[in-house]
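Here's the structure we're looking at; comments come further down.
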Amino acid sequence: MKKWLSLIMMSMLVIGMLAACGTSDDSANGAEGEKTEDKKVLKMGTSADYPPFEYIDTAKSDEIIGFDVDLAKAIAKELGYEVEVQDIDFNGLIPAIQAGKVDFVLAGMTPTEERKQNVDFSDVYYEAKHMIVTPKDSGIKTLEDLKGKTVGVQVGSIQEGKAEEIKEQVDIKIENRNRIPELVQEMKSGRFDAAIIEDTVAKGFFEQDKEMTGFVIEDENQEEAGSAIAFPKGSELTKDFNRVLNEMKENGEVDKLIVKWFGGEQ
Ligand code: ARG
């Protein structure tokens with residue numbers, strides 16, 4: 001009697017497992033971009049400390065908004081997906097992709113060679129430049145002026161690499177923090193003399209804070225700080241997202257979002 005019972009239970013388990021496999025197969029096919037009636041949800045990772053790319057307007061709600069969020073939702077919608085946004089420290093985004101916690105990342109992330117070893121990237125959707133940000137009264141106007149100063153950068157960002165590069169020429173002390181607003185805070189309290197932040201994001205801070213100013217670091221390689229979408233290695237989503245992204249670049253949809261979030265004069 002007991003034997004029968006366990007046999008039945010075993011077979012139920014097997015059937016259950018097969019059924020589960022079946023559904024996951026279906027959704028894998030769906031990831032090819034075909035539209036189905038019921039909406040599927042994709043998890044997006046971002047570091048919501050980066051206005052106007054991704055941030056929380058705490059005065060209004062606790063929702064993560066910004067250029068990247070709009071762009072992700074527009075692309076996903078075209079492909080028949082909904083997007084669920086998760087806030088993760090910038091440094092944890094690539095590990096989150098690798099651990100399968102998120103399906104993709106939009107976080108103003110630059111497709112560097114080093115990152116390409118761990119994740120796949122779409123084409124670049126927005127280009128930015130590195131900026132040295134300082135309090136207005138700092139007297140820092142050139143890279144040379146940074147001599148002996150403390151410079152803040154975000155952990156795991158390419159600005160961290162940029163700071164190391166500068167350090168080879170000018171003697172600076174590098175400090176890092178997980179979130180961009182912490183860098184601004186440390187400057188205001190006098191612990192940092194400067195920070196390296198991308199120009200578009202820095203300009204947003206200047207508008208809110210009249211005590212801050214900055215200058216762009218002129219690089220031969222202007223594409224150095226561009227943003228792209230990151231996916232798990234080998235993800236089916238990469239080519240679908242890239243196709244829609246490029247359609248949106250051509251038909252002016254990306255430009256519309258740029259005007260909405262970065263203002264007119266680009
Ligand atoms: N583009 C830079 C990088 O990839 C900085 C991006 C920071 N993004 C953010 N959401 N905090 O390293």
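Some notes on this structure:
- Taken over the range 165-205, residues that are more than 22 Å from D87 (Cα to Cα) and of a type in the set (S, T, N, Q) amount to 2.
- Counting the residues of the range 211-260 that are touching a residue at least 60 places away in the same chain (Cβ under 8 Å), of a type in the set (A, V, I, L, M, F, W, C), surrounded by fewer than 17 Cβ atoms within 10 Å (Cβ to Cβ) and not in a strand (DSSP E or B) gives 0.
- Residue in the range 182-201 that is among the hydroxyl-bearing types (S, T, Y) and touching an Asp or Glu at 6+ places or on another chain (Cβ under 8 Å) present: no
- Only one entry of I132, I140, I88 meets the criterion of being farther than 28 Å from W261 by Cβ, at pLDDT 95 or above and not basic (K, R), and that entry is I140.
- Subset of the range 102-132 [under 15 Å from K233 (Cβ atoms), within 11 Å of the ligand (Cβ to nearest atom) and either free of Cβ contacts under 8 Å to residues at least 40 places away in the same chain or of a type in the set (D, E, K, R) (or both)]: E114, R115
- Tally, over the range 189-210, of residues that are surrounded by fewer than 19 Cβ atoms within 10 Å (Cβ to Cβ), over 20 Å from G66 (Cα atoms) and either modelled with pLDDT under 95 or in contact with a strand residue (DSSP E or B) (Cβ under 6 Å, 6 or more places away or on another chain) (or both): 1
- Qualifying residue in the range 159-168 (condition: within 14 Å of the ligand (Cβ to nearest atom), in contact with a strand residue (DSSP E or B) (Cβ under 9 Å, 6 or more places away or on another chain), small (G, A, S) and over 30 Å from E253 (Cβ atoms)): yes
- Residue in the range 188-232 that is nearest to E144 (Cα to Cα), counting only those that are away from the ligand (no atom under 14 Å from the Cβ) and hydroxyl-bearing (S, T, Y): T213
- Top-ranked residue in the range 89-113 [being closer than 17 Å to G226 by Cβ and of a type outside the set (A, V, I, L, M, F, W, C); ranked as surrounded by the fewest Cβ atoms within 10 Å (Cβ to Cβ)]: E113
- Qualifying residue in the range 134-153 (condition: surrounded by 18 or more Cβ atoms within 10 Å (Cβ to Cβ) and either near the ligand (Cβ under 10 Å from one of its atoms) or among the charged types (D, E, K, R) (or both)): yes
- Listed by first and then second residue, the pairs with beta-carbon distance under 7 Å, at least 6 apart or on different chains, first residue in the range 80-95 and at negative phi and of a type in the set (A, V, I, L, M), second part of a helix (DSSP H, G or I) and away from the ligand (no atom under 12 Å from the Cβ), are V83/A72; V83/K73; V83/A76; I88/A96.
- The residues in the range 183-202 that are in contact (Cβ under 8 Å) with a residue 12 or more places away in the chain and in a helix (DSSP H, G or I) can be counted, and the count is 9.
- If you go through the range 122-137 and keep only what is in a strand (DSSP E or B) and of a type outside the set (V, I, T), you end up with S122, D123, Y125, Y126, H130, M131, P135.
- Complete set of residues in the range 53-88 that are of a type outside the set (A, V, I, L, M, F, W, C), farther than 17 Å from F231 by Cα, surrounded by fewer than 22 Cβ atoms within 10 Å (Cβ to Cβ) and within 11 Å of the ligand (Cβ to nearest atom): none
The values are calculated or read from the model by the stated rules, or taken from the named source; none is laboratory data. Just so it is clear, the structure is predicted and the values come from calculations on it, not from any experiment. Neighbour counts run over all protein chains shown; Cβ positions are idealised from the backbone, glycine included.
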